[in-house]
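Structure record follows, encoded as structure tokens.
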Amino acid sequence: MVREVLSTEKVSNPEARKIVNEKLSEETSGLLVRRTLDYLNQATKCLEDVAGEVRRELVGLGISEEGAIVLVNVVPRELVELRSLLPPGDQKLGEDVLKKALEVLERCG
């Protein structure tokens with residue numbers, strides 16, 4: 001069966017898991033969707049309820065959309081780990097912004 005892509009949006013693992021779960025309840029799913037959901041269940045470290053809000057707040061701090069998604073997916077706990085996960089364009093952010101980002105990420109649970 002051919003499907004048409006209606007829209008695209010960059011989302012974090014928790015947001016993707018929420019979307020896949022909603023689609024599973026709407027229709028019968030194939031093996032690929034179930035395997036994707038299994039992966040997302042294992043890889044998700046941030047609560048679905050707060051992931052989008054945390055991502056938007058990180059972007060508000062000056063972190064790129066891609067960088068914010070990586071941070072929500074990994075949820076680093078240390079400043080050095082956070083800095084190593086950021087894309088090159090975000091490496092220039094000050095230490096005060098990165099410390100604030102760690103505080104925001106604490107809400108992931």
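The values are calculated or read from the model by the stated rules, or taken from the named source; none is laboratory data. Source: prediction; values computed, not measured. As a convention, Cβ positions derive from the backbone with ideal geometry for all residues, glycine included, and neighbour counts pool all protein chains shown.
Remarks
- Considered as a group, the residues in segment 1-44 that are among the small types (Gly, Ala, Ser) and at pLDDT 80 or above include one that is surrounded by the most Cβ atoms within 10 Å (Cβ to Cβ), and that residue is Ser12.
- Residue in segment 88-101 that is of a type outside the set (A, V, I, L, M), within 12 Å of the chain's Cα centre (by Cα) and at pLDDT below 95 present: no
- The condition of being among the aliphatic types (A, V, I, L, M), under 11 Å from Leu102 (Cα atoms) and without any contact (Cβ under 8 Å) to a residue 40 or more places away in the chain holds for only one of Leu58, Leu40, Leu71, that being Leu71.
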